Amino acid sequence: MIKYGCQTIDQGDITAVLDVLESEFLTQGPVVHQFENKICAYTGSRYAVAVNSATSALHIACLALGLGDGDIAWTSPNTFVASANVALFCGASVDFVDIDPASYNICPRNLEHKLEKAALTNQLPKVLIAVHLAGQSCDMAAIKDLSRKYNFSIIEDASHAIGGEYNNTRIGSCAFSDITVFSFHPVKIITSAEGGMALTNDEQLAQRMQLFSNHGVTRNDQLFEQEVLGAWYYEQINLGYNYRMTELSAALGLSQSSKIDEFVTTRNVLASNYNIAFEETPLRLPFVNQNTKSSFHLYVTRLPTNTSQMQHRQFVDDLLAAGIGANLHYMPVYLQPYYRKLGFKKGYCQEAEAYAQTAISLPLHPRLSPQDQKHVVKVVCELLETFG
Ligand SMILES: *Cc1c(COP(=O)(O)O)cnc(C)c1O
């Protein structure tokens with residue numbers, strides 16, 4: 001099977017992990033901080049909190065922004081379930097803003113329209129979780145403008161997007177958001193096996209996220225509420241979790257982080273190979289905005305508009321039967337059984353549903369060989385022949 005995505009591990013990564021295994025710390029040691037500092041330096045953000053997944057990072061981001069009971073968070077329907085689930089973890093409710101038909105990201109016009117309506121009924125969101133699908137940034141300037149008018153905080157779910165750029169700033173700089181989150185799951189741009197990171201330029205938010213990631217416990221005497229009782233002393237000052245990243249993960253992530261640009265360049269080359277190969281076909285190719293550089297976590301192509309759900313399903317099944325790990329990113333989150341039980345119904349976000357009925361993610365990762373990519377192209381083109 002030619003996988004749609006997978007990790008790229010070299011000898012340097014292996015050595016880095018082995019070195020940690022023989023060191024004093026397996027968790028909460030110096031390498032976690034080195035990894036955080038490296039990602040700060042790379043993105044230009046001031047603070048970073050490394051945790052055990054992007055889901056955890058999104059959760060502590062919501063908590064740090066004060067999301068709680070009775071609050072509302074909005075996100076894209078075209079995302080992994082975690083982007084929405086984290087709001088529910090906090091006791092908030094979640095709602096979805098339909099996507100733009102070209103970028104497949106949250107559409108600022110839909111967002112504005114929904115905000116206007118929500119303002120009338122006092123249902124404005126406290127937090128918006130903007131998802132950079134496939135590695136291409138959302139229209140953050142427009143979203144930022146709306147956040148000033150309607151007073152909501154912004155989290156960028158950049159799980160797909162480390163190494164990408166928006167308006168000549170690196171994704172993760174938080175120039176247009178309160179917090180940006182990366183995932184280091186093996187299919188993402190770089191990996192720490194499991195892992196994630198939350199970045200911010202706000203010292204208070206960084207401090208709060210740090211607390212939530214580690215039981216609400218601090219050794220910082222400036223935060224203490226009681227008298228210090230000895231050198232051992234620490235305080236729990238809020239209710240946090242154990243979301244800590246291990247030294248092993250940090251060592252892998254740190255080693256991988258020196259290859260972000262290399263991986264993203266390779267992904268862009270592979271994506272443009274596909275674009276050239278499919279130019280004459282009826283496939284709709286990925287659209288990249290002029291002011292963005294995509295990290296191309298995914299190569300999403302779309303079958304012609306009039307494709308039926310059955311034809312789409314058959315196409316993906318045929319690719320899988322030919323050993324090509326095609327995938328769909330994503331079925332709208334609210335069509336998951338769990339969300340349907342919360343009351344969401346088919347037809348809620350029409351662009352996201354139209355997208356899901358025609359989108360296919362083709363294999364794209366730095367280890368995809370030229371032969372394998374040619375094979376994917378050949379099979380896709382053959383299948384398109386039978387498409388009428
Ligand atoms: C992968 C992913 C996540 C979750 O990442 P984990 O590190 O596996 O928790 C969240 N949001 C999006 C958009 C993702 O692709």
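The values are calculated or read from the model by the stated rules, or taken from the named source; none is laboratory data. Note that the coordinates shown come from a computational prediction; the quantities given were computed from them, not determined experimentally. Here the Cβ is made from the backbone with ideal geometry for all residues, glycine too, and neighbour counts use every protein chain on show.
May I ask you to list the residues in region 351-374 that are closer than 13 Å to Leu270 by Cα and assigned to a helix (DSSP H, G or I)?
Pro370, Gln371, Asp372, Gln373, Lys374
Could you tell me whether region 262-276 includes any residue that is under 16 Å from Ser183 (Cα atoms) and in a helix (DSSP H, G or I)?
yes
Looking at (1) of a type in the set (Val, Ile, Thr); (2) in contact with a strand residue (DSSP E or B) (Cβ under 7 Å, 6 or more places away or on another chain); (3) over 19 Å from Val181 (Cα atoms), which is the one condition that is false for Thr43?
(3)
Just need a number here: residues in region 34-59 that are in a helix (DSSP H, G or I), more than 25 Å from Gly240 (Cβ to Cβ) and out of contact with any helix residue (DSSP H, G or I) (no Cβ under 8 Å at 6 or more places or on another chain).
1
Is there a residue being touching a strand residue (DSSP E or B) at 6+ places or on another chain (Cβ under 8 Å) and hydrophobic (A, V, I, L, M, F, W, C) anywhere in region 302-310?
yes
Mind telling me which of the residues Leu368, Leu303 ends up being within 30 Å of Asn168 (Cβ to Cβ), among the hydrophobic types (A, V, I, L, M, F, W, C), more than 16 Å from the ligand (Cβ to nearest atom) and at pLDDT 95 or above?
On the way: Leu303 fails: within 30 Å of Asn168 (Cβ to Cβ).
So the residue among Leu368, Leu303 that is within 30 Å of Asn168 (Cβ to Cβ), among the hydrophobic types (A, V, I, L, M, F, W, C), more than 16 Å from the ligand (Cβ to nearest atom) and at pLDDT 95 or above is Leu368.
If only one of Ile106, Ile60, Ile2 is within 30 Å of Phe287 (Cβ to Cβ) and within 16 Å of the ligand (Cβ to nearest atom), which one is it? Before the answer, list the steps.
On the way: Ile60 fails: within 30 Å of Phe287 (Cβ to Cβ); Ile2 fails: within 16 Å of the ligand (Cβ to nearest atom).
Answer to the selection: Ile106.
How many residues are of a type in the set (A, V, I, L, M), part of a strand (DSSP E or B) and more than 12 Å from the ligand (Cβ to nearest atom) when one looks only at region 179-209?
Within region 179-209, the subset of a type in the set (A, V, I, L, M) is 179, 181, 187, 189-190, 193, 197-199, 205-206, 209.
From what's left, part of a strand (DSSP E or B): 179, 181, 197-199.
Those still in the list that are more than 12 Å from the ligand (Cβ to nearest atom) too: 179, 199.
Residues that pass the stated criteria total 2.
Could you grab me the full set of residues in region 345-363 that are of a type outside the set (Ser, Thr, Tyr) and closer than 10 Å to Leu303 by Cα?
Of region 345-363, the ones of a type outside the set (Ser, Thr, Tyr) are 345-347, 349-354, 356-357, 359-360, 362-363.
Result: Gln357, Ala359, Ile360.
Under 9 Å between Cβ atoms, at least 6 apart or on separate chains: pull out the pairs that start in region 315-339 with a residue that is under 24 Å from Ser76 (Cβ atoms) and end on any residue that is polar (S, T, N, Q) and assigned to a helix (DSSP H, G or I).
Cβ pairs passing all conditions: Val333/Ser83; Val333/Asn85; Tyr338/Asn85.
Which one is nearest to the chain's Cα centre (by Cα), of the residues in region 13-33 that are among the hydrophobic types (A, V, I, L, M, F, W, C) and assigned to a loop (DSSP other than H, G, I, E, B)?
Let us first name the residues in region 13-33 that are among the hydrophobic types (A, V, I, L, M, F, W, C), namely 14, 16-18, 20-21, 25-26, 31-32.
In the following step, the residues that additionally are assigned to a loop (DSSP other than H, G, I, E, B) were identified as 25-26.
Values: Phe25: 29, Leu26: 27 Å.
If we take residues in region 13-33 being among the hydrophobic types (A, V, I, L, M, F, W, C) and assigned to a loop (DSSP other than H, G, I, E, B), then Leu26 is nearest to the chain's Cα centre (by Cα).
Inside region 139-160, can you point out the residues that are in a loop (DSSP other than H, G, I, E, B) and either more than 16 Å from the ligand (Cβ to nearest atom) or in contact (Cβ under 8 Å) with a residue 40 or more places away in the chain (or both)?
Asp139, Asn151, Phe152, Ser159, His160
Could you check, for region 189-206, whether at least one of its residues is under 14 Å from the mean Cα position of the chain (by Cα) and more than 16 Å from Glu36 (Cα to Cα)? Give the steps one after another, and end with the answer.
Step one: filter region 189-206 for residues under 14 Å from the mean Cα position of the chain (by Cα), giving 189-191, 194-199.
Remaining after also requiring more than 16 Å from Glu36 (Cα to Cα): 189.
Checked region 189-206: at least one residue is under 14 Å from the mean Cα position of the chain (by Cα) and more than 16 Å from Glu36 (Cα to Cα).
So which of Tyr243, Tyr274 is out of contact with any Cys (no Cβ under 8 Å at 6 or more places or on another chain), touching a residue at least 24 places away in the same chain (Cβ under 8 Å), crowded, with 20+ Cβ neighbours inside 10 Å and farther than 26 Å from Ala57 by Cβ? It would help to see each step written out before you state the result.
On the way: Tyr243 fails: farther than 26 Å from Ala57 by Cβ.
Matching residue, one of Tyr243, Tyr274: Tyr274.
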